[in-house]
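**Student:** Next up is a structure, given as structure tokens.
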Amino acid sequence: LTDLDTVLAPGGALEALLEAKAAGRIRRLGLTAHLEQVFERALELDWVETIMFPYNLVETQGEALMHRCTEKKIGFICMKPLAGGALEDATLALRFISQNPDVSVVIPGMYDMKEIEQNLAAVNDTSALTSEEREKIESIRKELGTQFCRRCNYCQPCTQGINISGAFLFEGYLKRYGLGDWAKERYMAMPKKAGDCVECGVCETRCPYQLPIREMLK
């Protein structure tokens with residue numbers, strides 16, 4: 001909310017954006033949020049035409065606010081559809097999102113043509129989720145929870161030089177993807193490891209998801 005206050009304050013970014021819009025240099029104004037409080041406040045700002053917020057099969061906390069976007073004719077842009085890479089089954093993840101009519105646009109990252117084709121097939125499949133898919137979604141939710149790293153790297157740089165998201169990435173490969181040897185080998189090659197954390201807490205002040213990074217590193 002502090003960042004939003006800065007944007008809205010006299011001389012802030014909004015003034016420049018409105019001037020650029022009035023001059024015809026830009027057409028639309030939107031806002032990105034990571035916290036529900038910012039999302040809710042954005043809905044009351046008359047200049048907001050789109051809102052981008054995390055939404056995926058394990059992060060559904062914004063659904064009620066997403067519906068308000070529809071009611072107010074504000075476009076909803078779904079970011080983190082694969083939870084920052086934590087969701088391995090992209091087809092299931094995108095199928096889940098496509099079931100929600102309040103989603104205007106979804107923005108998954110894609111590496112090659114195969115992934116583009118796979119994602120297009122997923123979002124174009126308008127059939128209802130099967131019982132097997134729903135069971136898999138519940139299993140993923142129980143396994144992953146909501147306290148996980150999305151690899152946005154806003155926490156960096158670490159005062160001790162730890163690649164924080166990298167450490168959590170290898171943990172995921174170890175615990176969820178069954179690549180224990182691969183994960184351990186790469187983790188051991190890191191020049192600074194989780195044990196080098198001095199618990200200064202600077203990373204936690206930057207994390208948009210308010211994760212307890214120090215405890216997670218332990």
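**Student:** Treating only the Cβ of Lys, Arg, Asp and Glu as charged (+1, +1, -1, -1), what charge dipole size does the chain show about its Cα centre? Round to the nearest 20 debye.
**Tutor:** Numbers: 26 positive and 31 negative charges, 81 e Å.
Its charge dipole is roughly 380 debye.
**Student:** For I116, tell me the accessible area in Å² from a 1.4 Å probe, rounded to the nearest 10.
**Tutor:** Taking all protein chains as shown, I116 has close to 60 Å².
**Student:** Accessible area per residue, 1.4 Å probe, Å², for region 64-119: what's the number? Numbers along the way, then the final one.
**Tutor:** Details: 2900 Å² over 56 residues.
I get 52 Å² per residue for this part.
**Student:** Given a 1.4 angstrom probe, what's the average accessible area per residue across region 130-218, in square angstrom? Let's see the in-between values first.
**Tutor:** On the way: 5610 Å² over 89 residues.
In whole numbers, region 130-218 has 63 Å² accessible per residue.
**Student:** First compute the accessible area of the chain with a 1.4 Å probe, then give the percent of it belonging to carbon and sulfur atoms.
**Tutor:** On the way: 6570 of 12690 Å².
Roughly 52 percent of what the probe reaches on the chain is carbon or sulfur.
**Student:** Let me ask you something else. Just to confirm my understanding: which cysteines in the chain have no other cysteine beta carbon less than 4.7 Å from their beta carbon?
**Tutor:** C69, C78, C149, C152, C158, C197, C200, C207
**Student:** Cross-chain or 8 or more residues apart, Cα under 25 Å: how many lysine pairs in the chain fit that? Count them up, please.
**Tutor:** Number of lysine pairs found: 21.
**Student:** With a/c under 1.5 counting as rounded, go ahead and sort region 142-204 into rounded, prolate or oblate using the C-alpha gyration tensor (a ≥ b ≥ c being the square roots of the eigenvalues; past the cut-off, prolate if a/b is larger than b/c, else oblate). Intermediate values should be presented prior to the final figure.
**Tutor:** Values: a/c = 2.34, a/b = 1.27, b/c = 1.84.
Taking the square roots of the gyration eigenvalues as a ≥ b ≥ c, region 142-204 is oblate.
**Student:** Looking at the chain, send over the antiparallel percent of its DSSP beta bridges, to the nearest 5. Working shown, then result.
**Tutor:** Numbers: 1 of 11 bridges.
Within the chain, antiparallel bridges account for around 10 percent of the total.
**Student:** Report the full-extension gain for the segment T205 to A189: residue separation times 0.36 nm, less the Cα-Cα distance, to one decimal in nm. Please list the in-between numbers first.
**Tutor:** Values: separation 16, 0.36 × 16 = 5.76 nm, distance 2.75 nm.
Once the chain is fully extended between T205 and A189, it gains 3.0 nm.
**Student:** Right, here's the next one. Work out Dmax and Rg for region 1-158 from the C-alpha atoms and quote the Rg first, both in angstrom.
**Tutor:** Just the Cα atoms of region 1-158 yield Rg and Dmax of 17.3, 53 Å.
**Student:** Starting from 0 in steps of 5 Å, tell me what percent of the Cα-Cα pairs of region 63-135 lands in each bin.
**Tutor:** 3, 16, 24, 24, 19, 10, 4, 0
**Student:** What percent does the relative contact order of region 1-95 come to when contacts are Cα pairs within less than 8 Å and at least six residues apart?
**Tutor:** Working: 103 pairs, mean separation 19.4, N = 95.
Taking the mean separation of contacting Cα pairs over the length of region 1-95, I get 20 percent.
The values are calculated or read from the model by the stated rules, or taken from the named source; none is laboratory data. If you're wondering where the values come from, they're calculated on a predicted model, not measured in any experiment. All Cβ positions, glycine included, derive from the backbone under ideal geometry; neighbour counts span all protein chains shown. Surface areas here come from the heavy atoms of the whole protein model, side chains and all, with no ligands, DNA or RNA. Shrake-Rupley method; radii C 1.70, N 1.55, O 1.52, S 1.80 Å.
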